[in-house]
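Engineer: Here it is, the structure in full.
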Amino acid sequence: MAYIERRRVHDADAHIMEPPNWLRDHADPDIRERLIVPQYANELVQTGDAGAGDSLVPNDLTAVFQRLAERHRSEEFLADEATDVMNRKNFAATGSFIAEDRPRALDYIGVDSQLLFNTFHNSRLFEWEHPINGQPVDLDLAYGAARAHNRGMTEFCSVDERLLATCYVPLADFDRAAAMAAESIEMGAAALLVASGCPAGHSPSHRSLDRVWRQAEEAGIPVVFHVGGTGALIDPSYFNNGLPIPPDFHGGEENFRSVDYMAIPFPPMQTLATMIFDGVLERHPNLRVGVIEQGCTWLPSWLKQMESAMDAFGRHEERLRDLSITPGEYVQRQVRVTPYPTEDVGWVTDQVGPNILLFNTDYPHVEGGRRPFERFERSLGDRSENVRERFYADNFIDLMGSAVHALV
């Protein structure tokens, strides 16, 4: 018996947990040694290889991951795999880093597909396509790291057609971005992952990036944002408050807390509004955009704010007069968003309609919770079965286009 027993459910946000040398193993030799190995700490708490609250990185990560792989193959682990699929988190979860095991996780969870993202590299990929310490962007590193990421993602997802790979496209350079989009699509990308923060030196709506959006549109796959692809969310001085740093979901210091949680929606709100006002969605009416793991409660006020901007500036800005429909209509037609399990999906749906929100588990991350389906069901309350069908399946199918044609 699967965790979710609905007839159709697609998971719009799930992750792989990259082992230490994952990016290096997939990189070209000329940049391999320049790629940073992730610093594992609290992500290993659930495995027993690091104690609760222990922020020290194990001395021998290779040995740690060998032990983890052996544990995943043990009779004890396999005996409880189905019943514990939503309880085991991070590297302790089925199929978190062993690709061949991931199809079992989908069966046990009860989802028809998962859109997969990296865990440790979004912020690094963003940093590599921006100036660091006043130095110009190293485009060879930025695009080489993206290529390594994309090879790793598509290789992991190749074991099952239900696993949908996101491939990263740095927007730092117009020509290289267009080439990387083409390469990613050829590689088998189900979605093009771009930073939800602004590229270095130009707007995400720059006309020279139309070659990226056009390729996604023609391939019938979406462009997606994901939390982490923004750089610093807020001024770090907000945390200098004379109080101890509170633990995050994992018990450590490297993820989100209440104060920076409040800023998570700001980059996608600004980036999407800019793309709408500057006509990107007007020029590419079949392009779909997914906003993943950046919440949804901001949607109603953001839509109203864009209406206000149109009222205030529509008579004076030619770009706004050139839009054929309202900002809200672009969003209804082309934008899809994942909520957090702690958000009131029913209330947001009442405000923005049933065609935008997407079910997701965040598997195997701790912050996705052990019972996301039940939490979403409670917040949906007495909404109709049609609303539920949109949330659990149809909105995802609309977002993903050709990437899920074989699955529906």
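The values are calculated or read from the model by the stated rules, or taken from the named source; none is laboratory data. As the structure is a prediction and not an experimental result, all values here were calculated from the model. Here the Cβ is made from the backbone with ideal geometry for all residues, glycine too, and neighbour counts use every protein chain on show. Side chains included, ligands, DNA and RNA excluded: accessible areas come from the protein's heavy atoms. Shrake-Rupley method; radii C 1.70, N 1.55, O 1.52, S 1.80 Å.
Engineer: Given the residues 161, 183, 129, which is the only one that is acidic (Asp, Glu), out of contact with any Phe, Trp or Tyr (no Cβ under 7 Å at 6 or more places or on another chain) and surrounded by 24 or more Cβ atoms within 10 Å (Cβ to Cβ)?
Structural biologist: Unique residue meeting the criteria: 129.
Engineer: Spot the failing condition for residue 328; the list is (1) at pLDDT 95 or above; (2) out of contact with any Leu (no Cβ under 8 Å at 6 or more places or on another chain), and only one is missed.
Structural biologist: (2)
Engineer: Something else: I need every pair where a residue in segment 21-40 that is within 18 Å of residue 123 (Cβ to Cβ) has its Cβ under 7 Å from the Cβ of a residue that is outside any helix (DSSP H, G or I) and acidic (Asp, Glu), sequence separation at least 6 or different chains.
Structural biologist: Taking only residues 6 or more apart or on different chains, the pairs are 38/18.
Engineer: What pairs can you find where one residue is in segment 259-283 and at positive phi, the other is of a type outside the set (A, V, I, L, M) and surrounded by fewer than 19 Cβ atoms within 10 Å (Cβ to Cβ), and their Cβ atoms are less than 9 Å apart, with a gap of 6+ or different chains?
Structural biologist: Within 9 Å, the pairs are 279/207; 279/319; 279/322.
Engineer: Among the numbered criteria (1) assigned to a helix (DSSP H, G or I); (2) in contact with a Lys or Arg (Cβ under 9 Å, 6 or more places away or on another chain), which single criterion is violated by residue 374?
Structural biologist: Unmet condition: (2).
Engineer: Mind checking which residues of segment 368-402 are closer than 21 Å to residue 163 by Cβ and open to solvent by 10 Å² or more (accessible area, probe 1.4 Å)?
Structural biologist: Of everything in segment 368-402, those that are closer than 21 Å to residue 163 by Cβ and open to solvent by 10 Å² or more (accessible area, probe 1.4 Å) turn out to be 373, 394, 397, 398, 401, 402.
Engineer: List pairs: first residue in segment 67-92 and more than 14 Å from residue 365 (Cβ to Cβ), second residue surrounded by 12 or more Cβ atoms within 10 Å (Cβ to Cβ) and among the polar types (S, T, N, Q) anywhere in the structure, Cβ distance under 7 angstrom, at least six positions apart or on different chains.
Structural biologist: Within 7 Å, the pairs are 68/47; 81/94.
Engineer: Among the listed residues 339, 354, which satisfies the condition of being in a loop (DSSP other than H, G, I, E, B) and either in contact with a Leu (Cβ under 9 Å, 6 or more places away or on another chain) or buried (at least 20 other Cβ atoms within 10 Å of the Cβ) (or both)?
Structural biologist: Criteria check complete, one pass: 339.
Engineer: Another question about this same structure. For segment 303-334, name all the residues that are assigned to a helix (DSSP H, G or I) and polar (S, T, N, Q).
Structural biologist: 305, 308, 332, 334 - these are the residues of segment 303-334 that are assigned to a helix (DSSP H, G or I) and polar (S, T, N, Q).
Engineer: What residue, of 110, 134, is out of contact with any helix residue (DSSP H, G or I) (no Cβ under 9 Å at 6 or more places or on another chain), of a type in the set (Gly, Ala, Ser) and either open to solvent by 10 Å² or more (accessible area, probe 1.4 Å) or at pLDDT below 95 (or both)? First the steps, then the outcome.
Structural biologist: On the way: 110 fails: out of contact with any helix residue (DSSP H, G or I) (no Cβ under 9 Å at 6 or more places or on another chain).
Checking each option against the conditions leaves just 134.
Engineer: Tell me yes or no: at least one residue of segment 140-161 is out of contact with any strand residue (DSSP E or B) (no Cβ under 6 Å at 6 or more places or on another chain), acidic (Asp, Glu), without any contact (Cβ under 8 Å) to a residue 60 or more places away in the chain and within 24 Å of residue 338 (Cβ to Cβ).
Structural biologist: yes
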